[in-house]
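A.B. asks: One structure, pasted below without further comment.
The values are calculated or read from the model by the stated rules, or taken from the named source; none is laboratory data. From a predicted model like this one, the values you see are computed outputs, not experimental measurements. All Cβ positions, glycine included, derive from the backbone under ideal geometry; neighbour counts span all protein chains shown.
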Amino acid sequence: MLDHTHASTSAGAPTERDLALDVAEVETVPELAEVVRRLARTAGNADGATFVLREGDRCFYVDEDSIAPLWKGQRFPISACILGWAMLNGSAVAIPDITVDPRIPQEAYRPTFVRSLLMVPVGRGASTVAAIGVYWARQHHATEDEQRRVLEVADAAAAVIDRIGLDSAPWAPSFSRR
């Protein structure tokens with residue numbers, strides 16, 4: 001079991017030391033998912049966070065930490081998912097009002113608490129195999145600091161994936177970087 005009692009900043013955001021200590025302890029994909037969703041939610045001062053893996057042309061919602069259930073354990077076409085958009089474009093996207101952005105599948109979000117979000121890919125280019133979603137229950141403009149901190153979590157996650165690979169994921173037989 002991982003120890004998550006490291007110090008953090010006064011705002012509760014993970015420090016560089018928190019990231020280094022937590023990711024150094026990670027040995028499996030399930031452990032990585034737990035660490036990422038917890039650190040991402042804290043880093044974004046958010047109401048929820050998800051960790052999603054790319055499985056070929058699908059997104060798999062591995063784990064979440066949120067005020068209400070979202071999509072943990074579900075799979076969606078990568079082309080119909082905003083986290084898929086972030087992975088395919090290799091770019092973070094902050095959306096302060098999900099009801100007005102055409103990239104948001106409204107039917108999937110309507111029953112949830114989510115009103116604003118930040119999606120950050122894990123990895124770069126062809127190495128983008130995962131993404132982090134951070135969610136707010138109210139309209140929220142993700143600050144530069146929140147975006148930077150979530151990106152730091154994503155970079156740490158990419159380093160762990162490079163180190164441990166994705167073979168330790170018990171829920172799916174294979175993963176694809178493309």
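A.B. asks: State the number of residues belonging to the stretch 94-145 that are crowded, with 20+ Cβ neighbours inside 10 Å and over 15 Å from Ala80 (Cβ atoms).
C.D. replies: Of the residues in the stretch 94-145, 18 are crowded, with 20+ Cβ neighbours inside 10 Å and over 15 Å from Ala80 (Cβ atoms).
A.B. asks: Of the conditions (1) part of a strand (DSSP E or B); (2) more than 12 Å from the chain's Cα centre (by Cα); (3) within 23 Å of Thr143 (Cβ to Cβ); (4) free of Cβ contacts under 8 Å to residues at least 40 places away in the same chain, Ala94 satisfies every one except a single condition; which number is it?
C.D. replies: (4)
Every residue, every condition in (1) modelled with pLDDT under 95; (2) surrounded by fewer than 20 Cβ atoms within 10 Å (Cβ to Cβ), yes or no:
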position	(1), (2)
Thr15	yes, yes
Asp18	yes, no
Leu21	yes, yes
Val26	yes, no
Ala40	no, no
Gly44	no, no
Thr50	no, no
Glu64	no, no
Ala68	no, yes
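A.B. asks: Out of the stretch 150-167, which residues are in a helix (DSSP H, G or I) and out of contact with any Leu (no Cβ under 8 Å at 6 or more places or on another chain)?
C.D. replies: Leu151, Ala154, Asp155, Ala158, Ala159, Asp162, Arg163
A.B. asks: What's the total number of residues in the stretch 97-114 that are in a helix (DSSP H, G or I) and over 17 Å from Ala142 (Cβ atoms)?
C.D. replies: Total meeting the criteria: 3.
A.B. asks: For the stretch 32-61, enumerate the residues that are over 17 Å from Gly84 (Cα atoms), touching a Gly at 6+ places or on another chain (Cβ under 8 Å) and β-branched (Val, Ile, Thr).
C.D. replies: If the condition is that a residue be over 17 Å from Gly84 (Cα atoms), touching a Gly at 6+ places or on another chain (Cβ under 8 Å) and β-branched (Val, Ile, Thr), then Thr42 is the only one that fits.
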